[in-house]
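**Q** First, the structure itself, so that you have it in front of you.
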Amino acid sequence: MSAVVGRFAPSPSGRLHLGNLACSLLAWLSAKHEGGRIVLRIEDLDAERCPRKYADLLEEDLAWLGLYWDEGGSHGGSHGPYYQSECADIYTASYEKLAAQGLVYPCFCSRAQLHAASAPHTSDGNVIYPGTCRSLTPAEVAEKRKAKAPAYRLKVPDEVVSFTDGCMGPHSENLLRDCGDFYLRRADGVFAYQLAVVVDDARMGVTEVVRGADLLSSTARQLYLYRLLGLKAPRFAHCPLLLAPDGRRLSKRDGDQSLENLRARYTAAEIVGKLAYAYGLQEEPAPRTPESLTADFSWKKVPKHDICLPEDLF
Ligand SMILES: [Zn+2]
């Protein structure tokens, strides 16, 4: 039996907030509970929105909390650092494989067209692509190219993909009806998250992906990519999202819940202990180190619904 390989895959478009941190803690505990390793990969595909200084801060924050990685990252680990912004050649090779299967086509739709009021939406608010550009003729494509550079989409079949999530349980999605043909590459040449994340998790030997429940519906698309690329899929566990006490979703714009502010007010053990309490891993919000939570960790203790931060916790 090979050991578990988990990962942190943060996107450095700002400072870490409590929600990101909770996912990192759960990913770390889940891997370490089984004696596994953690890979750190910086998801800075959109290099303009993700300056290196945020990546450095993020590594610093994770290390300060005691969430150490075993591979990747610029401050330790036996291999790496892994920055997606430096891996375009690797994604290109996988993209070409998909194109060679006749599954990739150019899409000229504008943002305004895609987000029209009449557009069908998924339950979590994404637009379901109706296949507008799927059947353009070569002549039509040539004509449209004169006006704008296209993005590229992957054709998906009318097929249900099912899997059992380590936290959320059974999940099914119809690729065509619940999502539609999805982006592999933007018009400016940047590869899409879905492609990069699959290629990277596979080549880094990741066997367990722990991330926020907002990415649960990406999993069917990613499983489809694993299949098309002939790669072995990891297992998945999507952790419940953390909401502000007033019920809003936390975001990187919430300065008060950013690590920058939290570090000024609490010790690392206090933050870890409070998060462990919010996620059902201990009964009191007492200070804890990540190591001290490892032995008793179980996904069974983690709620399956969004978690509203108690008013007086932070
Ligand atoms: Zn289109």
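**Q** I want the local charge near E140. Using Cβ-Cβ distances under 14 Å, sum +1 for each Lys or Arg and -1 for each Asp or Glu among the other residues.
**A** +4
**Q** Work through the residues other than G73 whose Cβ is under 9 Å from its Cβ and net out their charges, Lys, Arg +1 and Asp, Glu -1. Spell out each step's value before the answer.
**A** On the way: positive: R41; negative: E59, E71.
Local net charge: -1.
**Q** Connecting C-alpha atoms closer than 10 Å in a GNM of the chain, tell me which of Q113, Q282, Q194 has the biggest fluctuation.
**A** With Cα springs under 10 Å in the chain, the top fluctuation among Q113, Q282, Q194 is at Q113.
**Q** Normalised by the residues of the chain, what does the relative contact order come to in percent, with Cα pairs under 8 Å and at least six apart?
**A** Here the relative contact order equals 20 percent.
**Q** Amide H neighbours of Y82 under 5 Å, counting only residues 5+ apart in sequence or on other chains, H built in-plane at 1.01 Å?
**A** Result for Y82 returns I42, G73.
**Q** Long-range amide H contacts for C107: which residues qualify at under 5 Å (H placed 1.01 Å from N, peptide plane, sequence gap of 5 or more or a different chain)?
**A** A151, Y152, R153
**Q** I would also like to ask the following. What do you get for the angle between helix 88-100 and the principal long axis of the chain? Use alpha-carbon atoms, 0 to 90 degrees, nearest ten.
**A** Result, in degrees: 50.
**Q** Mind pulling the angle between the C-alpha long axis of helix 193-203 and the longest principal axis of the chain? Nearest 10 degrees, somewhere in 0 to 90.
**A** 70 degrees
**Q** Just how much of K301 is accessible, in Å², when a 1.4 Å probe is used and the result is rounded to the nearest 10?
**A** Surface open to solvent at K301 totals about 90 Å².
**Q** For a quick check of understanding: with a 1.4 angstrom probe and all protein chains in place, what accessible area in square angstrom does F314 have, to the nearest ten?
**A** 40 Å²
**Q** In square angstrom, what is the accessible area per residue of the stretch 89-194 with a 1.4 angstrom probe?
**A** 54 Å²
**Q** For every other residue with a beta carbon closer than 10 angstrom to the beta carbon of C308, add +1 if it is Lys or Arg and -1 if Asp or Glu, then tell me the sum.
**A** -2
**Q** Give the lysines reachable from K155 as a straight Cα distance under 21 Å; neighbours fewer than 8 places away on the same chain don't count.
**A** Straight-distance partners of K155: K97, K144, K232.
**Q** Also, I was wondering about something else. Excluding same-chain residues fewer than 8 positions from K274, which lysines have a Cα within less than 30 Å of its Cα?
**A** Qualifying lysines at Cα under 30 Å: K32, K53, K252, K300, K301, K304.
**Q** Round to the nearest 10 and give me the degree value, 0 to 90, for the angle of helix 268-278's Cα axis relative to the longest principal axis of the chain.
**A** Around 70 degrees separate the two axes.
**Q** Quick test of your reading: applying the under-4.7 Å Cβ rule, which cysteines of the chain are isolated?
**A** Singleton cysteines: C23, C50, C87, C109, C167, C179, C239, C308.
**Q** What percentage of the solvent-accessible surface of the chain, computed with a 1.4 Å probe over protein heavy atoms, is contributed by carbon and sulfur atoms?
**A** Accessible surface attributable to carbon and sulfur in the chain totals 52 percent.
**Q** Compute the relative contact order of the stretch 89-194 as a whole-number percentage, counting only Cα pairs closer than 8 Å that sit 6 or more residues apart in sequence.
**A** Once normalised by length, the contact order is 27 percent.
**Q** Then there's this: Just to be sure I understand: with springs between alpha-carbon atoms less than 10 Å apart, which residue in R52, R265, R177 has the highest mean-square fluctuation in the Gaussian network model of the chain?
**A** Among R52, R265, R177, the largest mean-square fluctuation in the Gaussian network model of the chain belongs to R265.
**Q** Cα convex hull of the chain: how many Å³ per residue?
**A** So the per-residue Cα hull volume is 142 Å³.
**Q** Something else about it: Take the Cα coordinates of the stretch 83-158, assign each an equal point scatterer, and use the Debye formula without solvent to give log10 I(q)/I(0) at q = 0.11, 0.16, 0.20 Å⁻¹.
**A** -0.38, -0.78, -1.07
The values are calculated or read from the model by the stated rules, or taken from the named source; none is laboratory data. Computed from a prediction, not measured in an experiment: that's the story for all the values here. Glycine also receives a Cβ, built like all others from the backbone with ideal geometry; neighbour counts cover every protein chain displayed. When the accessible area is computed, the model is the full protein with side chains, heavy atoms only, and any ligands, DNA or RNA have been set aside. Shrake-Rupley method; radii C 1.70, N 1.55, O 1.52, S 1.80 Å.
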